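Written below as structure tokens is the structure these notes are about.
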Amino acid sequence: NAGVTQTPKFQVLKTGQSMTLQCAQDMNHEYMSWYRQDPGMGLRLIHYSVGAGITDQGEVPNGYNVSRSTTEDFPLRLLSAAPSQTSVYFCASSYPPGHNSPLHFGNGTRLTVT
Amino acid sequence: DAKTTQPPSMDCAEGRAANLPCNHSTISGNEYVYWYRQIHSQGPQYIIHGLKNNETNEMASLIITEDRKSSTLILPHATLRDTAVYYCIVRDSFTGGGNKLTFGTGTQLKVEL
């Protein structure tokens, strides 16, 4: 199994450009989520999904859109990139909360907005 | 989800046990304690989790106090490769609330020769 796959690994954007960060998982997990991590800080939740067709906002959703048309994919869209969105983005997936539902993380997308 | 408090950094000699504490005094009865670690800039890696009993796996042991207000992650024989940031989080076991995880700044563990 590949686990959680994020593409691209690195990306440089100019202010105002748009792009989509891709996330795919092959573990049939219902839950998927996006986090951002800034230097010296922990992970902050951007958006999450509890299943196909269902999404909700996390702690820092402004400037980002998500959709969940399939169980496997959960893309994160930046509509108009800003320097404040320079960060490392992690996608995670899991089974629904319960006894044995650890999050599985991808290896991240490093985004720089100039 | 309950918030957690961890020391910002700890040092440990290679081969010795590393004991990483976590305070989660507002934890509720349906919340599990999970531990993850992040090596350099990789994605966080799951280590272990528990509800109220002590747990052990091939990576570590988790000791949860009887009142569940704190826990300790134990790496029995730390190696240089265990140098990482360790995160303690609590996760609601109920659908809908269990995906809003709060990651603090974690504990930077440095294992030295």
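The values are calculated or read from the model by the stated rules, or taken from the named source; none is laboratory data. Please read these numbers as outputs of a predicted model, since none were measured by experiment. All Cβ positions, even for glycine, are placed from backbone atoms using ideal geometry, and neighbour counts span all protein chains on display.
Observations, loosely collected:
- The set of residues from the stretch A:99-112 being in contact (Cβ under 8 Å) with a residue 40 or more places away in the chain and within 17 Å of the chain's Cα centre (by Cα) comprises A:Leu103, A:His104, A:Phe105, A:Gly106, A:Asn107, A:Gly108, A:Thr109, A:Arg110, A:Leu111, A:Thr112.
- Residue match in the stretch B:88-97 (condition: modelled with pLDDT of 95 or more and polar (S, T, N, Q)): no
- Only listed residue being over 30 Å from A:Ile54 (Cβ atoms), touching a strand residue (DSSP E or B) at 6+ places or on another chain (Cβ under 7 Å) and not β-branched (Val, Ile, Thr), chosen from B:Leu51, B:Leu73: B:Leu73
- A:Val4 falls short on exactly one of the conditions (1) within 10 Å of chain B (Cβ to nearest Cβ); (2) out of contact with any Cys (no Cβ under 7 Å at 6 or more places or on another chain); (3) among the β-branched types (Val, Ile, Thr); (4) surrounded by 21 or more Cβ atoms within 10 Å (Cβ to Cβ), and that condition is (2).
- Condition met for A:Thr70 (surrounded by fewer than 17 Cβ atoms within 10 Å (Cβ to Cβ) and in contact with a Pro (Cβ under 7 Å, 6 or more places away or on another chain)): no
Residues checked against (1) within 8 Å of chain B (Cβ to nearest Cβ); (2) exposed (fewer than 15 other Cβ atoms within 10 Å of the Cβ); (3) modelled with pLDDT under 95:
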{"site": "A:His29", "(1), (2), (3)": "no, no, yes"}
{"site": "A:Pro39", "(1), (2), (3)": "no, yes, yes"}
{"site": "A:Leu43", "(1), (2), (3)": "yes, no, yes"}
{"site": "A:Tyr64", "(1), (2), (3)": "no, no, no"}
{"site": "A:Pro75", "(1), (2), (3)": "no, no, no"}
{"site": "A:Cys91", "(1), (2), (3)": "no, no, no"}
{"site": "A:Pro96", "(1), (2), (3)": "yes, no, yes"}
{"site": "A:Pro102", "(1), (2), (3)": "yes, no, yes"}
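- Filter pass, B:Ser70 being surrounded by 15 or more Cβ atoms within 10 Å (Cβ to Cβ) and within 16 Å of B:Lys3 (Cα to Cα): yes
- The condition (being outside any strand (DSSP E or B), on the phi < 0 side of the Ramachandran plot and not hydroxyl-bearing (Ser, Thr, Tyr)) is satisfied by just one residue among A:Met32, A:Met27: A:Met27.
- Total residues in the stretch B:24-45 satisfying the condition of being within 10 Å of the chain's Cα centre (by Cα) and more than 23 Å from B:Glu112 (Cα to Cα): the figure is 2.
- Verdict on A:Ser33 being more than 30 Å from B:Ser9 (Cα to Cα), within 11 Å of the chain's Cα centre (by Cα) and at the interface with chain B (Cβ under 9 Å from one of its Cβ atoms): no
- Check on B:Ile63, within 19 Å of A:Ala92 (Cα to Cα) and either in contact (Cβ under 8 Å) with a residue 12 or more places away in the chain or surrounded by fewer than 19 Cβ atoms within 10 Å (Cβ to Cβ) (or both): no
- Within the stretch B:1-51, the set of residues being touching a Ser or Thr at 6+ places or on another chain (Cβ under 7 Å), modelled with pLDDT of 90 or more and not charged (D, E, K, R) comprises B:Gln6, B:Pro7, B:Pro8, B:Ser9, B:Met10, B:Asn19, B:Leu20, B:Pro21, B:Cys22, B:Asn23, B:His24, B:Val33.
- Residue match in the stretch A:51-66 (condition: on the phi > 0 side of the Ramachandran plot and more than 15 Å from the chain's Cα centre (by Cα)): yes
- Of everything listed in (1) part of a strand (DSSP E or B); (2) more than 10 Å from the chain's Cα centre (by Cα); (3) at the interface with chain B (Cβ under 10 Å from one of its Cβ atoms); (4) hydroxyl-bearing (Ser, Thr, Tyr), the single unmet condition for A:Tyr48 is (2).
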